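Shown next, in structure tokens, is the structure this report addresses.
Any read-out appearing in this document is the output of simple, stated calculations on the displayed coordinates, not a laboratory observation. Please read these numbers as outputs of a predicted model, since none were measured by experiment. Using ideal geometry, Cβ is built from the backbone for each residue, glycine included, and neighbour counts are taken over all protein chains shown.
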Amino acid sequence: MPEFSRYVALGDSQTEGLVDGDEVVGFRGWADRLAERLAGLNPDLRYANLAVRGRLARQVRAEQLAPALALRPDLATVVAGLNDLLRPRFDAAMVVGHLEAMFAALVSSGATVATVTYPDVGKMMPLARPLVPRLLDFNARIRDAAARHGVVVLDSFPHPVTTDPRLWGVDRLHANAVGHDRIAAGMAQALGLPGSDDTWTRPFPSPPPKVSWPAEVAWLARFLGPWVWRRLRGRSSGDGRGAKRPDLTPVHLRD
């Protein structure tokens with residue numbers, strides 16, 4: 001296994017780390033957690049996180065690819081496209097085209113590149129069940145594009161635990177701390193890091209809680225309504241924001 005020393009993460013809110021932390025203490029997320037695992041293997045690791053919440057795949061490519069290449073990573077993760085998939089006008093071929101362009105450029109630069117497939121959003125949000133066919137197609141296209149460029153894939157969709165609500169924040173769109181830790185563990189296994197295994201795929205010892213209709217109504221009012229309102233106004237949660245970690249810097253291990 002190569003010893004990674006320069007890790008750069010590209011993407012949207014999941015890679016930024018929402019909701020693992022908050023605006024006061026900062027967001028951690030799976031990419032930070034993966035960087036900590038890498039730093040445990042190589043204390044000289046330097047890590048940059050260019051992800052910004054709300055970004056579409058084309059925006060990740062336009063805003064983050066060139067800075068990522070300038071940092072000369074030997075490991076890069078590219079996770080984007082879910083914001084595209086949730087919008088009414090979704091062109092899977094176009095979105096995966098942006099992902100594949102990033103895959104190709106980063107692999108050509110000499111980096112090991114990794115990405116993910118997405119879990120079944122229909123099981124996490126009943127109102128999103130009509131999106132499942134496009135999700136299946138999107139995941140298949142990601143796998144194909146990754147295979148063409150030798151990109152490592154953390155294939156989350158086949159594992160039922162990835163839709164367990166105990167891994168997700170109350171908005172059901174972002175992993176919580178437990179979920180981000182599992183994603184980091186899954187990425188570590190996909191990359192073949194020493195000490196990694198399939199523990200991240202294992203279910204909780206007790207069944208997941210059932211979602212009640214009052215909880216559905218509360219979720220609609222608290223999260224879906226504001227999201228739709230931003231879309232109608234052409235706004236994004238990431239407006240005016242930059243990368244939380246734009247430069248390669250040392251990683252401090254947490255307890």
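Hand me the trypsin sites (Lys or Arg not before Pro) from the stretch 143-213 located in a DSSP loop with no more than 13 other Cβ atoms within 10 Å, in residue order please.
Working: sites: 143, 148, 166, 172, 182, 210; in loops: 172, 210.
Qualifying residues, ordered by number: 210.
Multiply the residue separation of residue 41 and residue 144 by 0.36 nm, subtract the distance between their alpha-carbon atoms, and state the gained length in nm to one decimal.
Length difference between fully extended and current span is 34.0 nm.
Once you list every other residue whose beta carbon is under 14 Å from the beta carbon of residue 146, what net charge do they have if Lys and Arg are +1 and Asp and Glu are -1?
0
Would you pull out the residues with amide H under 5 Å of residue 153's amide H, same chain only if 5 or more places away, H placed 1.01 Å from N?
115
Using only Cα atoms, locate the centre of the stretch 120-170 and the centre of the stretch 86-109, then give the distance between them in Å, rounded to an integer.
Computed from Cα coordinates, the inter-centre distance equals 16 Å.
Explain nothing, just the number: relative contact order of the stretch 1-108, from Cα pairs under 8 Å at least 6 residues apart, as a whole percent.
Taking the mean separation of contacting Cα pairs over the length of the stretch 1-108, I get 34 percent.
Antiparallel versus total DSSP beta bridges in the chain: what percent is that, nearest 5?
30
Indicate the helices, whole DSSP H runs only, in the chain that combine a mean Kyte-Doolittle hydropathy of -1.0 or more with a Cα extent along their long axis of 20 angstrom or more.
92-108, 132-149, 177-191
Just from its helices, what would the mean residue ellipticity at 222 nm be for the chain, if runs of 4 or more DSSP H residues each count -39500 (n - 2.57) and the sum is divided by every residue, rounded to the nearest 500 deg cm²/dmol? Before the final figure, lay out each step's value.
Details: 10 runs with 104 residues, N = 255.
Helices in the chain give a 222 nm mean residue ellipticity of -12000 deg cm²/dmol.
If you take every DSSP beta bridge fully contained in the stretch 1-117, what fraction is antiparallel? Give it as a percent rounded to 5.
15
Find the centroid of the Cα atoms in the stretch 176-212 and in the stretch 33-66, then give the distance between the two in whole Å.
20
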